[in-house]
Amino acid sequence: MNKLKVWLWKPVEKASLWCIHLLFRMMHKELTAEGEQSFLQLMRFGLVGVSNTLVHYLVYVVVIQLIYRIGLWEQYDYLIATVWGFVLSVLWAFFWNNKYVFKEREGEKRSFFGTLLKTYITYSFTGLFLNSFLMVLWVDIFHMSKMIAPIINMTLGVPINFLINKFWAYK
């Protein structure tokens, strides 16, 4: 796994750092080592977020299809699917964020369950409560497609989730 990680991540990391350095040079600013690390952390969070979004959307679509096949609670299909997508995608995000994005520093000790709980609280704010509110708004009030609405919602929560995760959940 480490060889694959190096083979895939290192070229992306080098190209990204080259681009961000170029951008800083164009602005006549200096990018510090700490700034580089924060930028790379944001990139890793973004990659986890993309995979998290795919997991959420896949679960969402599968649950909607299952509800139609079973024939129960069809009027609440998108809400039930949103909850299942949330629960499983946050667990996915926690695993990868804990492993690659917000790694424990030397000497740092985190409570596994405490961090998991704070991760669910963080994602609850934007990923469940705000998302559910907006789903009702888009689907019931504006009659937007049930398949498009979650894509719009997922783009709103990423920056907020990164900041809350970085400065609270994984501390």
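Taking every alpha-carbon pair under 8 Å whose residues sit at least 6 apart, the chain reaches a relative contact order of 22 percent. Rounded to the nearest Hz, the phi-derived 3J(HN,Hα) couplings of region 79-95 under the Karplus curve 6.51 cos²θ - 1.76 cosθ + 1.60 (θ = phi - 60°) are 6, 4, 5, 5, 5, 4, x, 4, 4, 6, 6, 5, 4, 4, 4, 4, 4, where x marks glycine and proline.
Computed from label points 7 Å out along Cα-Cβ, the spacing between Val6 and His143 is 5.9 nm. For region 71-171, applying the loop criterion from DSSP together with a ceiling of 14 other beta carbons within 10 Å to the chymotrypsin sites (Phe, Trp or Tyr not before Pro) yields Trp73, Phe142. Here the simple spin-label model places points 7 Å from the Cα toward Cβ, and for Ile151 and Leu117 these points are separated by 3.8 nm. For the chain, the square roots of the Cα gyration tensor eigenvalues, ordered a ≥ b ≥ c, give a/c of at least 1.5 with a/b greater than b/c, which places it in the prolate category. The distance separating the Cα centre of region 2-75 from that of region 91-137 comes to 15 Å. For the set Lys146/Lys171; Lys10/Lys118; Lys109/Lys166, the pairs lying more than 27 angstrom apart at their alpha carbons are Lys146/Lys171; Lys10/Lys118.
In the chain, what percent of the accessible surface is made up of carbon and sulfur (1.4 Å probe, ligands and nucleic acids excluded)? Can you show the working numbers first?
Numbers: 7960 of 11060 Å².
Carbon-and-sulfur percentage of accessible area, whole number: 72.
Using C-alpha pairs below 8 Å separated by at least 6 residues, the relative contact order for region 60-130 is 29 percent. For region 8-21, 3J(HN,Hα) computed residue by residue from phi via the Karplus equation (6.51, -1.76, 1.60; θ = phi - 60°) reads 8, 7, 4, x, 5, 4, 5, 5, 5, 5, 4, 5, 5, 5 Hz, glycine and proline entered as x. With a simple spin-label model that places each label point 7 Å from the Cα along the Cα-to-Cβ direction, the separation between Ala15 and Glu36 comes to 1.9 nm.
Remark: region 55-67, residue by residue, has Karplus-estimated 3J(HN,Hα) of 4, 4, 5, 4, 4, 4, 5, 4, 5, 4, 4, 5, 4 Hz, where x stands for each Gly or Pro and the curve is 6.51 cos²θ - 1.76 cosθ + 1.60 at θ = phi - 60°.
The values are calculated or read from the model by the stated rules, or taken from the named source; none is laboratory data. Because the structure is a prediction, the values reported are computed rather than measured. Neighbour counts run over all protein chains shown; Cβ positions are idealised from the backbone, glycine included. When the accessible area is computed, the model is the full protein with side chains, heavy atoms only, and any ligands, DNA or RNA have been set aside. Shrake-Rupley method; radii C 1.70, N 1.55, O 1.52, S 1.80 Å.
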